[in-house]
Amino acid sequence: MSVTGVAGEERHDFTKDESQQIRARSLRLLGSLLRPVRARLWLTMAIVVVSTAAQVAGPALIAYGIDTGLPALTQGDWMPVGLAGLAYLFTGIVGAFLIAWYIRLSARISQAVLLDLRTRIFLHTQKLSLEFHESYTSGRIISRQTSDLDAIRELLDEGINQLVRGVLYMAFTGIALVVLDPVSGLVLVGALVPLVILTRWFQQRSQALFRRSRVASAKLIVQFVETMTGIRAVQAFRTERRNQKEFGRLVEDYRDVNARVIQLFGIYDPGLILIGNATVAVVLLVGGFRVIDGGLAIGVLLATLLYTRRFFDPMEDMAMFYNGYQSAASALEKISGVLEEQPSVPDPARPVDLWKADGTVRFERVEFAYTPERVILPRFDLTIPAGQTVALVGSTGAGKSTLAKLIARFYDPSDGVVELDGVDLRQLHPKDLRRAIVMVTQEAYLFSGSVADNIALGKPDATFDEIVAAARAVGAHEFIEGLPNGYDTDVNKRGGRVSAGQRQLISFARAFLADPAVLILDEATSSLDIPSERAVQEGLQSLLADRTAVIIAHRLSTVAIADRVLVMEHGRIVEDGSPAELIGGTGRFAAMHAAWRDSLV
Amino acid sequence: MSAEPQHQHPPHAQRIGTVRALLRLREYARPALPWIGLGMLASLSAQLVALSIPQVLQSIVDGPLTDGDAASVVPLALLVLGLGVLEAVLIALRRWFVLTPGTRVEASMRNALYAKLEDLPVSFHDRWPSGQLLSRAVSDLNIIRRWLSFGLVLLVVNLVVIVIGIGILVSMNWMLGLVFLVASVPLWIVGYRFEGRYSEVSRRSQDQAGDLATAVEESVHGIRVLKAFGRGKHALSTFRAQAETLRSTEIEKARLDASIWTWLIVVPAAALSVCLVLGVWLASQGVLTVGELVAFFATAAVLAWPIESIGFLLAFSLDARTATDRFFDILDTRNEITDPERPVSVERPRGELVFSDVHFRYQDAPDRFDDLLDGVDLEVRPGETMALVGLTGSGKTTMTALTTRLYDVTAGSITLDGVDIRALSREELRTHIAMAFEDATLFSASVRDNVLLGRPELTGDGGADAAGTADAAGDGPHEASGDPEVLAEAERVLAEALRIAQAGFVYGLPDGVDTKVGEEGMSLSGGQRQRLALARAVAAKPAVLVLDDPLSALDVSTEAKVEAELRSVLASTTALIVAHRPSTVMLADRVALLEYGRITAVGTHSELLRESEHYRFVISSLEDEERRQATAASDRVGRAPRDGRRDDAEAIAAAMADDGERADAAASALRELTEPDLDERGLTDREGVAR
């Protein structure tokens, strides 16, 4: 089984090699995220080094104050103890200042990394083809962008803090200890053995659990999003209780895996503390005898004990870091999987510019199939001259939408070439492609924001007048004016307030504003009432006069404005001619047309 | 697109104290509270043990080490070891006590939030972007859980430890201890100021995170539009702007964090440096032994971390407070559409649906606007099929949504068999009235479960098999309840509904009716989805069927067949059908015209065509008029009125009588069309399915 990209995302039973492959790719991602901030990262570490040194100096200064300052003071010499006091204060102030600096700097780093990662995921998911989105589902992408990023954020927020400080603190304390008393240092080194064993155990167990936790949280999110998106149907069909049961199950799964992670950590963390405390006892034992033997000063033993204890102080932090790291690593695994997905409709490596498109669309020996057995469009040739308006008709599933999507390059053909003005769409600069070819689908999605924003999506730099003109052209102006705040009305979530027909009008205005050389309308007027449709058609007649258009419509009223009609059946074009020719004939179109006319009254 | 950050502070959100805000968690945390208490106890004991270790060290330094008593070193070292083990055990206990109950609290809050959201009316969901809801359900509850089981425990314990520690310091030597006490005063002031400022930023950051989640959601749900217009980059730039806003808020948070840390380190350091000089002086004066001095500093060292941690724990608590507020934002939302206290039941509804002076306006509609529905009066008789016609945006869809109380009327009433629908439980009302929406929503479940969504009694226990199932339906063969009769009935209802909606294509799907569809399953075309949604409404076998432009995405021939099948259903069912097309209107016995928020005309299609200018405007197109001219003649002579709606055809013919003689090509083409195409289309459907 493959573990490339998002494949195998929900599996838990990775082999060692697969596991390594996944780890490697998430580490690569982590590396590439940290590279741009490496200068600041080094600075952070430097700050931490100094501030940790300041902190570590504390016990030494106290030891100095007692061992040297006390005897001196009995002699009436205030100097050493005064110095120790001042030095202690100074290290405190420096330490505090550095820590504050460090907190700000590390927040900057972690936020920069998050921003980078967010942007990358966003950009990449936008690049991935519809095919990917249809199978991966929006819920999972949302969970990648939300709960997975939360996990990484937790690591970055607390983690760098814990790791850098912990490691350095331990390193410094360790070094100070070794310098102060090599024998105690040796004891400390001995303590590292059980520590490593325990950590290794925790790593292996927690990795698997964290992976499951990511999957469980994604499932939860998928169900949540689906319910909220489909709330009307949920309520109308009374599925609330059934959904709650199901959601409750997912919540319980997630809770269970979380609780297990926590329990695992509940063994790891006290384990570390135990090791630390045992080490202190051993240092005391070893040191105590040496003091009695006269081999060690009492002050030194005290400092040694303090250092040993302090050495293990950040242990809990480190354990937390490691826990967070494991959690973030699983999130990174999932994210790196998405980022590893290759767009099946990739941008060209060397794009061909097409500043001004005429709009000639040519299919040459094009075939489209999902798999060799599932051929949707058998091999065909088709040329649509610039400026021609073509109507695509045929029953549901005849392949009309697929053909249209090939022109819009939502898909690439399995074989053959689709060309615009003689340029293979796959070579065309994406910007030029999208400027030249626009597709309006039946599903008229509105983004939150104002009506004007939504229309302006067709041309982000459009002036307000242009937006109004576009709305007028498709007959949307009146209803928009009638909205509470006119063009500035917020369309709310999923355009809740705007009716389906109005949504289509807005998306029409969008296309109108985009002013492409080739316009594809896929069932774009299905929800319009007849007067609106009439207005749209009037708009279309002027809009389509000098551009190429491909219109898919179940209602043949639209066909009237077409220069040419293509009738599709089982993925093949079975009739091709002007509307008049076809209506006059005895073919399928003539029959369909008659049926449609009949349906009108 | 530009997604104004929408911060939904409910109007009553005057600020209450952080403690009181967090106390609201009691409701959900109650079962965990004893455990949290035990956890605190364990944690406190652990800290006390940690504090006692220096005491033991002192007695070792002052005792055997000074005396050179080698024999007592070993037992004392063992004592230290024993205390160390005890500390570890207590810490383990703390975790075991607290953490699992903590996850239960989180889970129960999550379920409560979900249940509340499902219960809240559609108008609530219209206002709230789902990213905001999602960030509450996931991130916020996660923060609360961690705070309860970690932050709260540490905060309480550390405060206690600090108090006890300072007590010990004072009892060791009151002068040295006093220095510490005095030093804590500025920290209280700093902490207080920090609280106010940090809470504000914390709320802002969590709201912005919710907005960002919304932006992500829209970018994936609207992916087709973004792709079609090549606006990925544009969407990216707005997304990025939002992400940057969040980043700067986070950095602001870090700045506040940094400042409190500074204080929490500088102040104790200053206190300790004073203590060092003072302590050494006291020792030189013989007031203190060296051992006591050592113990003093050792104790102070133990206190260093609890003191430093206060800043972080305070911030954590404030984040948890924000999360709690955000959670209760939803839970406190009053549901305006609730079940009556004593619901009435309509045993066998005849299906008489009456709108009496129904008014409706959206809550946020400006005052200068008239009600969207401004006194609708309409009576749909039992068994009658009523078409609802009106311009786009005239309120037809809203009117249909009122019938199942997805929204409630602002004034007036709707009755079912003479009973106000608000007197019924929502559950019952929605059993009697089933809807098909124009934008057909399919859930990630099998075709079977989607179609039988309104018939839980036929799909097993209505639990794991029900729609909305993330994986149960897709992973294995369908397992309904074992009762063969129920099973057979389910099959029958399913087959019938699919036949009526002309959704035979599902049999050609890879797993037939068990194929998983919806977002997590196979993607279907708009027309296919619409047919399944129609099948779902039909399968619910309601007394009243409410269909919102149910055929808009169907091609002409399929539409004709669906209509033919629907007639049989509609013959016995009351129906309210939103119609944009004459073809859909033809399904109806009568037509109601919605205009200016009122029903301005009710009658048969032909009556309205004759009498209402607005109706003609709404329902007939230009080509239609041409067509009328073209076919009037043939209508008069040849066309058999369909399905007994002779009066309509005659009326039209009459209306067109003066149009004169025209050709009749279309009429004959119709006859050619209807029959021979049938089989082929069935085939086509099956092929189309594959996509």
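Quick check on my filter: what residues within the stretch B:304-362 are among the hydroxyl-bearing types (Ser, Thr, Tyr) and touching a Phe, Trp or Tyr at 6+ places or on another chain (Cβ under 7 Å)?
B:317, B:333
Would you say residue A:449 is in contact with a Phe, Trp or Tyr (Cβ under 7 Å, 6 or more places away or on another chain), not hydrophobic (A, V, I, L, M, F, W, C) and not assigned by TED's automatic domain parsing to the domain that holds residue A:229?
Against the criterion (in contact with a Phe, Trp or Tyr (Cβ under 7 Å, 6 or more places away or on another chain), not hydrophobic (A, V, I, L, M, F, W, C) and not assigned by TED's automatic domain parsing to the domain that holds residue A:229), residue A:449 does not qualify.
Among the residues of the stretch A:219-232, is there at least one that is among the small types (Gly, Ala, Ser), touching a residue at least 24 places away in the same chain (Cβ under 8 Å), under 30 Å from residue A:6 (Cβ atoms) and crowded, with 22+ Cβ neighbours inside 10 Å?
no
From B:490, B:473, B:497, B:537, grab the single residue that is modelled with pLDDT under 85, crowded, with 18+ Cβ neighbours inside 10 Å, part of a helix (DSSP H, G or I) and aliphatic (A, V, I, L, M).
B:473
Step by step: first the residues of the stretch A:540-566, then only those that are in contact with a Phe, Trp or Tyr (Cβ under 7 Å, 6 or more places away or on another chain) and either outside any strand (DSSP E or B) or facing chain B (nearest Cβ under 8 Å) (or both), then the one that is nearest to residue A:362 (Cα to Cα). Which residue is that?
Among them, the one singled out is A:543.
Would you tally the residues in the stretch B:357-389 being under 32 Å from the mean Cα position of the chain (by Cα), outside any loop (DSSP other than H, G, I, E, B) and of a type outside the set (Val, Ile, Thr)?
Residues flagged as under 32 Å from the mean Cα position of the chain (by Cα), outside any loop (DSSP other than H, G, I, E, B) and of a type outside the set (Val, Ile, Thr) within the stretch B:357-389 amount to 5.
Identify, please: which residue in the stretch A:88-101 is more than 8 Å from chain B (Cβ to nearest Cβ) and surrounded by 18 or more Cβ atoms within 10 Å (Cβ to Cβ) and is, among those, nearest to residue B:266 (Cα to Cα)?
A:94
Just a yes or no: is a residue in the stretch B:213-233 at pLDDT below 85, within 9 Å of chain A (Cβ to nearest Cβ) and surrounded by fewer than 17 Cβ atoms within 10 Å (Cβ to Cβ)?
yes
Of the conditions (1) farther than 30 Å from residue B:207 by Cα; (2) touching a Phe, Trp or Tyr at 6+ places or on another chain (Cβ under 7 Å); (3) not β-branched (Val, Ile, Thr), residue B:87 clears all except one; give me its number.
Here residue B:87 clears every test but (2).
Select from the stretch B:190-222 the residues that are small (Gly, Ala, Ser), touching a helix residue (DSSP H, G or I) at 6+ places or on another chain (Cβ under 7 Å) and farther than 14 Å from residue B:314 by Cα and list them in ascending order.
B:205, B:209, B:210, B:213, B:215, B:219
Of the residues that make up the stretch A:446-465, is at least one more than 32 Å from the chain's Cα centre (by Cα), assigned to a helix (DSSP H, G or I) and at pLDDT 85 or above?
Yes, the conditions are met somewhere in the stretch A:446-465.
For the stretch A:567-579, give me each residue that is more than 13 Å from chain B (Cβ to nearest Cβ) and assigned to a strand (DSSP E or B).
A:573, A:575, A:576, A:577
Before we move on, is residue A:185 more than 7 Å from every other protein chain (Cβ to nearest Cβ) and farther than 25 Å from residue B:518 by Cβ?
Yes; evaluated as a whole, the condition is true for this residue.
Listed residues B:445, B:401; which is crowded, with 20+ Cβ neighbours inside 10 Å, within 13 Å of another protein chain (Cβ to nearest Cβ) and closer than 21 Å to residue B:531 by Cβ?
Among B:445, B:401, only B:445 is crowded, with 20+ Cβ neighbours inside 10 Å, within 13 Å of another protein chain (Cβ to nearest Cβ) and closer than 21 Å to residue B:531 by Cβ.
Give the residue that is nearest to residue B:254 (Cα to Cα), with candidates limited to residues of the stretch A:140-162 that are more than 7 Å from chain B (Cβ to nearest Cβ) and within 11 Å of the chain's Cα centre (by Cα).
Step by step, filter the stretch A:140-162, then rank; the result is A:149.
Can you tell me which residue is nearest to residue B:47 (Cα to Cα) among those in the stretch A:225-260 that are more than 7 Å from every other protein chain (Cβ to nearest Cβ) and modelled with pLDDT of 90 or more?
A:260
Being of a type outside the set (Val, Ile, Thr) and out of contact with any helix residue (DSSP H, G or I) (no Cβ under 6 Å at 6 or more places or on another chain) is the filter; apply it to the stretch A:580-591 and report the residue that is farthest from the other protein chains (Cβ to nearest Cβ).
Among those that are of a type outside the set (Val, Ile, Thr) and out of contact with any helix residue (DSSP H, G or I) (no Cβ under 6 Å at 6 or more places or on another chain), it is A:581.
Within the stretch B:176-192, identify whether any single residue is touching an Asp or Glu at 6+ places or on another chain (Cβ under 9 Å) and not hydroxyl-bearing (Ser, Thr, Tyr), and answer yes or no.
No - not one qualifying residue is present in the stretch B:176-192.
Being more than 9 Å from chain A (Cβ to nearest Cβ) and out of contact with any strand residue (DSSP E or B) (no Cβ under 9 Å at 6 or more places or on another chain) is true for just one of B:85, B:122, B:74, B:157. Which residue is that?
From the options B:85, B:122, B:74, B:157, the qualifying one is B:157.
Residues are listed down the side, and each one gets a yes or a no for (1) assigned to a helix (DSSP H, G or I); (2) within 30 Å of residue B:45 (Cβ to Cβ); (3) not hydroxyl-bearing (Ser, Thr, Tyr); (4) not assigned by TED's automatic domain parsing to the domain that holds residue B:283:
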position	(1), (2), (3), (4)
B:165	yes, yes, yes, no
B:170	yes, yes, yes, no
B:180	yes, yes, yes, no
B:188	yes, yes, yes, no
B:201	yes, no, yes, no
B:225	yes, no, yes, yes
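Among the residues of the stretch B:100-112, are any more than 11 Å from the chain's Cα centre (by Cα) and part of a loop (DSSP other than H, G, I, E, B)?
Looking for residues that are more than 11 Å from the chain's Cα centre (by Cα) and part of a loop (DSSP other than H, G, I, E, B), one finds none in the stretch B:100-112, hence no.
In the stretch A:542-582, what count of residues is obtained for those that are crowded, with 22+ Cβ neighbours inside 10 Å, over 42 Å from the mean Cα position of the chain (by Cα) and more than 27 Å from residue A:474 (Cα to Cα)?
The number of residues fulfilling the criteria is 1.
So which of A:364, A:373, A:340 ends up being touching a Ser or Thr at 6+ places or on another chain (Cβ under 7 Å) and among the charged types (D, E, K, R)?
Selected residue: A:340, the only one of A:364, A:373, A:340 that is touching a Ser or Thr at 6+ places or on another chain (Cβ under 7 Å) and among the charged types (D, E, K, R).
Would you check if residue A:533 is within 13 Å of chain B (Cβ to nearest Cβ), in contact with a Ser or Thr (Cβ under 6 Å, 6 or more places away or on another chain), part of a helix (DSSP H, G or I) and at pLDDT below 80?
Here the answer is yes, as residue A:533 does meet what is asked.
The values are calculated or read from the model by the stated rules, or taken from the named source; none is laboratory data. Bear in mind the structure is a predicted one, so any value in this text is a computation, not a measurement. When we count neighbours, we look across all protein chains shown, and the Cβ atoms used for this are built from the backbone with ideal geometry, even at glycine.
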